[in-house]
Amino acid sequence: MEDFLSTLRELEETGSAAIRGAGDPAELEQVRVEYLGRKARLTLLLRSVGELPPERRRPAGAEANRVKKRLLELLEARAAELAAAVAEGRAESDATLPGRERWRGARHPCTLVTDEICEIFKELGFVRARGPEAESVWYNFIALNTPLDHPAVDEQDTFYLGSDVVLRTHTSPVQARVMEKWPPPVRILVPGVVYRRDPFDASHAPAFEQIEGLAVDEGISFVDFKASINYFVRRFFGEDVVTRFRPSFFPFTEPSAEVDVSCTICHGKGCSACKGTGWIEIMGAGMVDPAVFDNVGYDSERYTGFAFGMGVGRIAMQRYRIPDIRLLYESDVRFLAQFERA
Ligand code: DAH
(Lines give C-alpha, C1' and ligand atoms only; values in the text may rest on other atoms or scores of the structure.)
Protein backbone atom coordinates (compact mmCIF):
# COMPACT_ATOMS: atom_id res chain seq x y z
CA MET A 1 0.00 0.00 0.00
CA GLU A 2 2.84 2.38 0.84
CA ASP A 3 4.26 1.65 -2.57
CA PHE A 4 0.97 2.36 -4.23
CA LEU A 5 0.58 5.75 -2.53
CA SER A 6 4.18 6.86 -3.05
CA THR A 7 4.00 5.95 -6.74
CA LEU A 8 0.80 8.01 -7.00
CA ARG A 9 2.51 10.98 -5.31
CA GLU A 10 5.44 10.72 -7.67
CA LEU A 11 3.14 10.53 -10.72
CA GLU A 12 1.21 13.56 -9.51
CA GLU A 13 4.39 15.62 -9.12
CA THR A 14 6.17 14.65 -12.30
CA GLY A 15 2.92 14.68 -14.27
CA SER A 16 1.94 18.22 -13.28
CA ALA A 17 5.49 19.47 -13.91
CA ALA A 18 5.45 17.86 -17.38
CA ILE A 19 2.09 19.44 -18.20
CA ARG A 20 3.29 22.88 -17.12
CA GLY A 21 6.49 22.43 -19.10
CA ALA A 22 4.79 21.46 -22.37
CA GLY A 23 5.66 24.21 -24.86
CA ASP A 24 3.16 23.46 -27.62
CA PRO A 25 0.01 21.37 -28.21
CA ALA A 26 1.96 18.44 -29.69
CA GLU A 27 4.22 18.21 -26.67
CA LEU A 28 1.19 18.40 -24.42
CA GLU A 29 -0.39 15.48 -26.25
CA GLN A 30 2.71 13.40 -25.61
CA VAL A 31 2.51 14.22 -21.94
CA ARG A 32 -1.14 13.20 -21.91
CA VAL A 33 -0.40 9.82 -23.47
CA GLU A 34 2.49 9.29 -21.06
CA TYR A 35 0.51 10.07 -17.91
CA LEU A 36 -3.11 9.33 -18.78
CA GLY A 37 -2.99 7.11 -21.85
CA ARG A 38 -4.20 3.52 -21.95
CA LYS A 39 -0.77 2.16 -21.03
CA ALA A 40 0.23 4.95 -18.66
CA ARG A 41 1.46 4.02 -15.19
CA LEU A 42 -1.43 5.78 -13.57
CA THR A 43 -3.92 3.85 -15.70
CA LEU A 44 -2.27 0.58 -14.84
CA LEU A 45 -2.17 1.52 -11.20
CA LEU A 46 -5.89 2.26 -11.21
CA ARG A 47 -6.54 -1.06 -12.85
CA SER A 48 -4.53 -2.85 -10.15
CA VAL A 49 -6.66 -1.52 -7.29
CA GLY A 50 -8.67 -4.74 -7.36
CA GLU A 51 -5.57 -6.72 -6.50
CA LEU A 52 -5.06 -4.90 -3.21
CA PRO A 53 -6.31 -6.37 0.07
CA PRO A 54 -10.07 -5.58 0.33
CA GLU A 55 -9.79 -2.98 3.15
CA ARG A 56 -7.26 -0.94 1.15
CA ARG A 57 -9.13 -0.83 -2.13
CA ARG A 58 -11.38 2.10 -1.28
CA PRO A 59 -8.75 4.60 -0.03
CA ALA A 60 -6.31 3.60 -2.77
CA GLY A 61 -8.94 3.90 -5.50
CA ALA A 62 -10.11 7.30 -4.19
CA GLU A 63 -6.57 8.68 -4.12
CA ALA A 64 -5.75 7.38 -7.60
CA ASN A 65 -8.93 8.94 -8.99
CA ARG A 66 -8.12 12.26 -7.32
CA VAL A 67 -4.70 12.34 -8.96
CA LYS A 68 -6.18 11.42 -12.32
CA LYS A 69 -8.77 14.19 -12.04
CA ARG A 70 -6.15 16.76 -11.04
CA LEU A 71 -3.89 15.90 -13.98
CA LEU A 72 -6.85 16.07 -16.37
CA GLU A 73 -7.73 19.54 -15.09
CA LEU A 74 -4.16 20.77 -15.42
CA LEU A 75 -4.03 19.35 -18.91
CA GLU A 76 -7.17 21.15 -19.97
CA ALA A 77 -5.99 24.49 -18.54
CA ARG A 78 -2.61 24.22 -20.25
CA ALA A 79 -4.27 23.31 -23.55
CA ALA A 80 -6.36 26.50 -23.39
CA GLU A 81 -3.26 28.58 -22.61
CA LEU A 82 -1.35 27.13 -25.51
CA ALA A 83 -4.27 27.62 -27.90
CA ALA A 84 -4.55 31.31 -26.95
CA ALA A 85 -0.82 31.80 -27.43
CA VAL A 86 -0.99 30.19 -30.85
CA ALA A 87 -3.87 32.46 -31.91
CA GLU A 88 -2.07 35.60 -30.75
CA GLY A 89 1.19 34.58 -32.29
CA ARG A 90 -0.49 34.11 -35.63
CA ALA A 91 -2.15 37.52 -35.49
CA GLU A 92 1.15 39.19 -34.77
CA SER A 93 3.24 37.44 -37.30
CA ASP A 94 0.91 36.99 -40.27
CA ALA A 95 1.51 40.03 -42.48
CA THR A 96 -1.37 39.10 -44.80
CA LEU A 97 -4.07 39.69 -42.19
CA PRO A 98 -5.91 43.05 -42.57
CA GLY A 99 -4.56 45.77 -40.28
CA ARG A 100 -6.47 46.92 -37.24
CA GLU A 101 -8.15 50.24 -37.96
CA ARG A 102 -7.21 53.01 -35.55
CA TRP A 103 -9.82 55.56 -34.56
CA ARG A 104 -8.62 59.09 -35.04
CA GLY A 105 -10.19 61.82 -32.96
CA ALA A 106 -11.97 64.60 -34.84
CA ARG A 107 -13.30 67.98 -33.82
CA HIS A 108 -17.04 68.28 -33.29
CA PRO A 109 -19.01 70.39 -35.82
CA CYS A 110 -19.93 72.76 -32.97
CA THR A 111 -16.24 73.22 -32.16
CA LEU A 112 -15.43 73.84 -35.82
CA VAL A 113 -18.18 76.46 -36.06
CA THR A 114 -17.21 78.10 -32.76
CA ASP A 115 -13.59 78.40 -33.87
CA GLU A 116 -14.59 79.82 -37.21
CA ILE A 117 -16.88 82.43 -35.61
CA CYS A 118 -14.15 83.40 -33.14
CA GLU A 119 -11.62 83.80 -35.97
CA ILE A 120 -13.90 86.20 -37.84
CA PHE A 121 -14.68 88.32 -34.79
CA LYS A 122 -11.02 88.31 -33.79
CA GLU A 123 -10.38 90.45 -36.85
CA LEU A 124 -12.80 92.99 -35.34
CA GLY A 125 -10.90 92.98 -32.04
CA PHE A 126 -12.95 90.46 -30.05
CA VAL A 127 -11.26 88.11 -27.58
CA ARG A 128 -12.59 84.90 -26.04
CA ALA A 129 -13.95 84.84 -22.48
CA ARG A 130 -15.45 82.08 -20.40
CA GLY A 131 -17.70 81.72 -17.40
CA PRO A 132 -19.06 78.97 -15.13
CA GLU A 133 -21.83 76.59 -16.21
CA ALA A 134 -23.16 76.47 -12.63
CA GLU A 135 -24.19 80.11 -12.35
CA SER A 136 -25.79 82.24 -9.66
CA VAL A 137 -29.34 83.48 -10.10
CA TRP A 138 -27.92 87.01 -9.97
CA TYR A 139 -25.72 86.66 -13.06
CA ASN A 140 -28.07 84.39 -14.99
CA PHE A 141 -31.15 86.58 -14.52
CA ILE A 142 -31.07 89.60 -12.23
CA ALA A 143 -27.90 91.35 -13.42
CA LEU A 144 -29.29 90.97 -16.94
CA ASN A 145 -32.31 93.09 -16.03
CA THR A 146 -34.50 90.01 -15.63
CA PRO A 147 -36.22 90.07 -12.21
CA LEU A 148 -37.31 86.59 -11.13
CA ASP A 149 -40.99 87.50 -11.49
CA HIS A 150 -40.44 88.53 -15.11
CA PRO A 151 -42.29 86.30 -17.59
CA ALA A 152 -39.01 85.78 -19.48
CA VAL A 153 -37.84 83.62 -16.56
CA ASP A 154 -40.64 81.10 -17.12
CA GLU A 155 -39.34 80.28 -20.56
CA GLN A 156 -35.97 79.52 -19.08
CA ASP A 157 -37.09 77.82 -15.87
CA THR A 158 -34.22 75.52 -15.41
CA PHE A 159 -32.11 73.08 -13.48
CA TYR A 160 -31.51 74.48 -10.01
CA LEU A 161 -28.53 73.24 -7.99
CA GLY A 162 -29.77 74.92 -4.83
CA SER A 163 -31.89 78.02 -4.26
CA ASP A 164 -29.30 80.38 -5.71
CA VAL A 165 -27.41 78.32 -8.26
CA VAL A 166 -28.68 77.29 -11.68
CA LEU A 167 -27.18 75.56 -14.67
CA ARG A 168 -26.92 78.67 -16.82
CA THR A 169 -29.63 79.02 -19.41
CA HIS A 170 -27.54 81.19 -21.71
CA THR A 171 -23.99 82.52 -22.04
CA SER A 172 -25.22 86.08 -21.39
CA PRO A 173 -24.25 86.04 -17.66
CA VAL A 174 -20.61 86.14 -18.74
CA GLN A 175 -21.32 89.65 -20.11
CA ALA A 176 -21.99 90.82 -16.56
CA ARG A 177 -19.05 88.92 -15.09
CA VAL A 178 -16.61 90.45 -17.57
CA MET A 179 -17.98 93.98 -17.23
CA GLU A 180 -17.75 93.80 -13.44
CA LYS A 181 -14.11 92.86 -13.71
CA TRP A 182 -12.86 95.02 -16.58
CA PRO A 183 -13.45 98.68 -17.45
CA PRO A 184 -14.60 99.54 -21.00
CA PRO A 185 -13.85 99.17 -23.84
CA VAL A 186 -14.88 95.52 -23.94
CA ARG A 187 -15.12 93.26 -26.95
CA ILE A 188 -15.63 89.62 -26.06
CA LEU A 189 -16.93 86.37 -27.46
CA VAL A 190 -18.13 83.72 -25.02
CA PRO A 191 -18.51 80.16 -26.28
CA GLY A 192 -20.00 77.61 -23.89
CA VAL A 193 -22.65 75.06 -23.02
CA VAL A 194 -26.03 76.15 -21.68
CA TYR A 195 -28.94 74.19 -20.21
CA ARG A 196 -32.67 74.41 -20.82
CA ARG A 197 -35.67 72.45 -19.73
CA ASP A 198 -36.24 71.57 -23.38
CA PRO A 199 -37.26 68.20 -24.76
CA PHE A 200 -34.68 66.29 -26.80
CA ASP A 201 -36.15 66.38 -30.32
CA ALA A 202 -35.04 67.09 -33.88
CA SER A 203 -34.48 70.78 -33.20
CA HIS A 204 -34.01 71.01 -29.39
CA ALA A 205 -31.49 69.69 -26.92
CA PRO A 206 -31.55 70.18 -23.14
CA ALA A 207 -27.83 71.07 -23.23
CA PHE A 208 -26.38 72.91 -26.19
CA GLU A 209 -23.62 75.29 -27.26
CA GLN A 210 -24.07 79.02 -27.53
CA ILE A 211 -21.73 81.79 -28.43
CA GLU A 212 -22.25 85.22 -26.95
CA GLY A 213 -20.82 88.50 -28.16
CA LEU A 214 -20.51 91.86 -26.42
CA ALA A 215 -18.99 95.15 -27.53
CA VAL A 216 -19.02 98.19 -25.21
CA ASP A 217 -17.36 101.53 -25.71
CA GLU A 218 -18.11 105.22 -25.99
CA GLY A 219 -20.10 106.05 -29.09
CA ILE A 220 -21.14 102.56 -30.27
CA SER A 221 -24.34 102.99 -32.28
CA PHE A 222 -27.01 100.84 -33.86
CA VAL A 223 -25.15 101.31 -37.14
CA ASP A 224 -22.04 99.69 -35.64
CA PHE A 225 -24.21 96.85 -34.43
CA LYS A 226 -25.79 96.20 -37.84
CA ALA A 227 -22.53 96.65 -39.72
CA SER A 228 -20.65 94.22 -37.44
CA ILE A 229 -23.33 91.54 -37.68
CA ASN A 230 -23.58 92.01 -41.45
CA TYR A 231 -19.84 91.69 -41.79
CA PHE A 232 -19.86 88.49 -39.78
CA VAL A 233 -22.76 86.96 -41.75
CA ARG A 234 -21.11 87.65 -45.10
CA ARG A 235 -17.79 86.25 -43.94
CA PHE A 236 -19.32 83.16 -42.38
CA PHE A 237 -22.20 82.29 -44.71
CA GLY A 238 -21.08 83.94 -47.97
CA GLU A 239 -21.20 87.28 -49.80
CA ASP A 240 -24.59 86.56 -51.37
CA VAL A 241 -26.36 85.84 -48.10
CA VAL A 242 -28.87 88.47 -46.97
CA THR A 243 -29.28 89.50 -43.30
CA ARG A 244 -32.64 90.48 -41.81
CA PHE A 245 -33.13 92.22 -38.45
CA ARG A 246 -36.57 91.63 -36.89
CA PRO A 247 -37.74 93.61 -33.85
CA SER A 248 -37.85 91.42 -30.76
CA PHE A 249 -37.58 91.57 -27.01
CA PHE A 250 -34.86 90.59 -24.54
CA PRO A 251 -34.74 92.11 -21.05
CA PHE A 252 -31.04 92.94 -21.40
CA THR A 253 -31.17 94.74 -24.77
CA GLU A 254 -33.12 97.79 -25.95
CA PRO A 255 -33.92 97.78 -28.79
CA SER A 256 -33.72 94.03 -29.36
CA ALA A 257 -33.61 92.14 -32.62
CA GLU A 258 -33.79 88.64 -33.92
CA VAL A 259 -31.33 88.18 -36.77
CA ASP A 260 -32.15 85.94 -39.73
CA VAL A 261 -30.07 85.03 -42.74
CA SER A 262 -31.38 83.91 -46.11
CA CYS A 263 -31.37 80.11 -46.19
CA THR A 264 -28.06 78.88 -47.58
CA ILE A 265 -29.64 75.67 -48.81
CA CYS A 266 -32.52 77.04 -50.96
CA HIS A 267 -31.21 80.65 -51.24
CA GLY A 268 -34.46 82.06 -49.93
CA LYS A 269 -36.87 80.04 -52.02
CA GLY A 270 -38.14 77.93 -49.16
CA CYS A 271 -37.13 74.36 -48.30
CA SER A 272 -37.45 71.90 -45.44
CA ALA A 273 -34.35 73.27 -43.66
CA CYS A 274 -35.92 76.74 -43.38
CA LYS A 275 -39.43 75.32 -43.01
CA GLY A 276 -40.45 76.98 -46.26
CA THR A 277 -39.74 80.52 -45.03
CA GLY A 278 -36.49 81.12 -46.89
CA TRP A 279 -34.92 82.44 -43.65
CA ILE A 280 -32.89 80.90 -40.86
CA GLU A 281 -32.84 82.55 -37.47
CA ILE A 282 -29.25 82.71 -36.22
CA MET A 283 -29.21 84.95 -33.17
CA GLY A 284 -30.88 87.17 -30.63
CA ALA A 285 -29.20 90.53 -30.33
CA GLY A 286 -29.59 94.21 -29.55
CA MET A 287 -28.17 97.32 -27.96
CA VAL A 288 -27.22 96.69 -24.33
CA ASP A 289 -29.94 97.96 -21.99
CA PRO A 290 -28.59 100.80 -19.78
CA ALA A 291 -29.99 98.93 -16.74
CA VAL A 292 -27.38 96.20 -17.31
CA PHE A 293 -24.60 98.81 -17.30
CA ASP A 294 -25.98 100.18 -14.02
CA ASN A 295 -25.98 96.67 -12.50
CA VAL A 296 -22.30 96.09 -13.28
CA GLY A 297 -21.10 99.57 -12.35
CA TYR A 298 -20.60 101.03 -15.86
CA ASP A 299 -21.62 104.63 -16.51
CA SER A 300 -24.74 104.13 -18.63
CA GLU A 301 -24.75 107.80 -19.72
CA ARG A 302 -21.31 107.46 -21.19
CA TYR A 303 -21.14 103.96 -22.63
CA THR A 304 -23.21 102.10 -25.18
CA GLY A 305 -22.80 98.70 -26.78
CA PHE A 306 -24.32 95.80 -28.59
CA ALA A 307 -24.66 92.15 -27.69
CA PHE A 308 -25.74 88.97 -29.39
CA GLY A 309 -26.19 85.29 -28.64
CA MET A 310 -26.29 82.45 -31.16
CA GLY A 311 -27.03 78.75 -31.02
CA VAL A 312 -23.92 77.10 -32.40
CA GLY A 313 -25.64 73.75 -33.07
CA ARG A 314 -28.28 75.30 -35.33
CA ILE A 315 -25.57 77.12 -37.27
CA ALA A 316 -23.54 73.91 -37.59
CA MET A 317 -26.67 72.13 -38.85
CA GLN A 318 -27.14 74.76 -41.54
CA ARG A 319 -23.46 74.82 -42.47
CA TYR A 320 -23.07 71.03 -42.69
CA ARG A 321 -26.69 70.19 -43.63
CA ILE A 322 -27.29 68.09 -40.55
CA PRO A 323 -31.03 67.28 -40.43
CA ASP A 324 -31.44 66.46 -36.72
CA ILE A 325 -29.79 68.21 -33.74
CA ARG A 326 -29.61 64.92 -31.84
CA LEU A 327 -26.97 63.72 -34.28
CA LEU A 328 -24.66 66.30 -32.72
CA TYR A 329 -24.98 64.76 -29.29
CA GLU A 330 -25.59 61.05 -29.81
CA SER A 331 -22.96 60.18 -32.38
CA ASP A 332 -19.45 58.85 -32.21
CA VAL A 333 -16.20 59.44 -34.03
CA ARG A 334 -17.58 57.97 -37.28
CA PHE A 335 -20.01 60.89 -37.41
CA LEU A 336 -17.40 63.44 -36.39
CA ALA A 337 -14.83 62.34 -38.97
CA GLN A 338 -17.13 63.58 -41.77
CA PHE A 339 -16.72 67.24 -40.82
CA GLU A 340 -13.05 67.59 -39.97
CA ARG A 341 -11.31 69.85 -42.43
CA ALA A 342 -7.86 68.76 -43.56
N1 DAH B 1 -29.39 84.99 -24.20
C2 DAH B 1 -30.36 84.92 -25.26
C3 DAH B 1 -30.92 83.49 -25.33
O4 DAH B 1 -30.28 82.59 -24.89
C5 DAH B 1 -29.75 85.27 -26.57
C6 DAH B 1 -29.36 86.69 -26.62
C7 DAH B 1 -30.28 87.65 -27.03
C8 DAH B 1 -28.08 87.09 -26.24
C9 DAH B 1 -29.92 88.98 -27.09
C10 DAH B 1 -27.73 88.41 -26.28
C11 DAH B 1 -28.66 89.35 -26.71
O12 DAH B 1 -26.52 88.87 -25.93
O13 DAH B 1 -28.29 90.67 -26.77
O14 DAH B 1 -31.98 83.30 -25.85
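Kindly indicate the residue of the stretch 306-315 that is within 10 Å of the ligand (Cβ to nearest atom) and farther than 14 Å from L144 by Cα and also surrounded by the most Cβ atoms within 10 Å (Cβ to Cβ) among those meeting that condition.
From the stretch 306-315, those within 10 Å of the ligand (Cβ to nearest atom) are 306-311; that's our starting set.
Now restrict to residues that are farther than 14 Å from L144 by Cα: 310-311.
On the way: M310: 24, G311: 22.
Checking each candidate, the answer is M310.
Kindly list, by first and then second residue, each pair from a residue in the stretch 284-298 that is touching a residue at least 24 places away in the same chain (Cβ under 8 Å) and more than 20 Å from S248 (Cα to Cα) to a residue that is more than 13 Å from the ligand (Cβ to nearest atom) and in a helix (DSSP H, G or I), limited to pairs with Cβ atoms under 7 Å and residues at least 6 apart or on different chains.
V296/E180; G297/E180
Please state which one of P25, P59 is of a type outside the set (V, I, T), within 25 Å of G89 (Cα to Cα), modelled with pLDDT under 90 and out of contact with any strand residue (DSSP E or B) (no Cβ under 8 Å at 6 or more places or on another chain).
Details: P59 fails: within 25 Å of G89 (Cα to Cα).
Being of a type outside the set (V, I, T), within 25 Å of G89 (Cα to Cα), modelled with pLDDT under 90 and out of contact with any strand residue (DSSP E or B) (no Cβ under 8 Å at 6 or more places or on another chain) holds for just one of P25, P59, which is P25.
Against the condition in a loop (DSSP other than H, G, I, E, B) and under 30 Å from Q338 (Cβ atoms), how does P98 come out, does it pass?
On the way: in a loop (DSSP other than H, G, I, E, B): yes; under 30 Å from Q338 (Cβ atoms): yes.
Here the answer is yes, as P98 does meet what is asked.
Please indicate, with yes or no, whether at least one residue in the stretch 289-307 is of a type outside the set (D, E) and under 28 Å from R107 (Cα atoms).
Of the residues in the stretch 289-307, the ones of a type outside the set (D, E) are 290-293, 295-298, 300, 302-307.
Keeping just the survivors that are under 28 Å from R107 (Cα atoms) gives 307.
Looking through the stretch 289-307, at least one residue is of a type outside the set (D, E) and under 28 Å from R107 (Cα atoms).
Output the strands (runs of 3 or more DSSP E) that fall wholly within the stretch 146-234 and possess 1 or more residues being closer than 19 Å to F306 by Cβ, in contact with a Leu (Cβ under 7 Å, 6 or more places away or on another chain) and not basic (K, R), or say none. Reasoning before the result, please.
On the way: elements: 165-167, 186-195, 207-218.
The qualifying strands (runs of 3 or more DSSP E) are 186-195, 207-218.
Quick one: which residue in P251, P247 is surrounded by fewer than 16 Cβ atoms within 10 Å (Cβ to Cβ), under 19 Å from A307 (Cα atoms) and of a type outside the set (A, V, I, L, M)? Reasoning before the result, please.
Working: P251 fails: surrounded by fewer than 16 Cβ atoms within 10 Å (Cβ to Cβ).
Exactly one residue qualifies, and that residue is P247.
Might you check whether a residue that is free of Cβ contacts under 8 Å to residues at least 12 places away in the same chain, farther than 26 Å from N230 by Cβ, charged (D, E, K, R) and surrounded by fewer than 20 Cβ atoms within 10 Å (Cβ to Cβ) occurs anywhere in the stretch 116-125?
Scanning the stretch 116-125 turns up no residue that is free of Cβ contacts under 8 Å to residues at least 12 places away in the same chain, farther than 26 Å from N230 by Cβ, charged (D, E, K, R) and surrounded by fewer than 20 Cβ atoms within 10 Å (Cβ to Cβ).
Does T158 qualify as being within 24 Å of D260 (Cα to Cα) and among the hydroxyl-bearing types (S, T, Y)?
Working: within 24 Å of D260 (Cα to Cα): no; among the hydroxyl-bearing types (S, T, Y): yes.
So T158 does not fit the description; no.
Scanning the stretch 216-235 for residues that are under 32 Å from the mean Cα position of the chain (by Cα) and crowded, with 19+ Cβ neighbours inside 10 Å, which turns out farthest from D299 (Cα to Cα)? Give the steps one after another, and end with the answer.
Start the filter on the stretch 216-235 by keeping residues that are under 32 Å from the mean Cα position of the chain (by Cα), which leaves 229, 232-235.
Checking the rest, the ones that are also crowded, with 19+ Cβ neighbours inside 10 Å come to 229, 232-233.
Values: I229: 25, F232: 28, V233: 31 Å.
Step by step, filter the stretch 216-235, then rank; the result is V233.
Quick check on my filter: what residues within the stretch 206-263 are under 26 Å from A176 (Cβ atoms), among the small types (G, A, S) and away from the ligand (no atom under 15 Å from the Cβ)?
Correct list: G219, S221, A227.
For the stretch 283-305, give me each residue that is more than 10 Å from the ligand (Cβ to nearest atom) and acidic (D, E).
Initially, the stretch 283-305 is screened for residues more than 10 Å from the ligand (Cβ to nearest atom), giving 290-291, 293-304.
Scanning the stretch 283-305 gives D294, D299, E301.
Has the stretch 264-280 got any residue that is within 16 Å of the ligand (Cβ to nearest atom) and either over 33 Å from the mean Cα position of the chain (by Cα) or closer than 26 Å to A152 by Cα (or both)? Don't jump to the end; show me each part of the working.
We begin by selecting, within the stretch 264-280, every residue within 16 Å of the ligand (Cβ to nearest atom); these are 280.
This time we only want the ones that are either over 33 Å from the mean Cα position of the chain (by Cα) or closer than 26 Å to A152 by Cα (or both), so: 280.
Yes: the stretch 264-280 contains one or more residues that are within 16 Å of the ligand (Cβ to nearest atom) and either over 33 Å from the mean Cα position of the chain (by Cα) or closer than 26 Å to A152 by Cα (or both).
The values are calculated or read from the model by the stated rules, or taken from the named source; none is laboratory data. The structure displayed is predicted, hence computed values, not measured ones. Glycine gets a Cβ as well: all are built from the backbone with ideal geometry, and neighbour counts include every protein chain shown.
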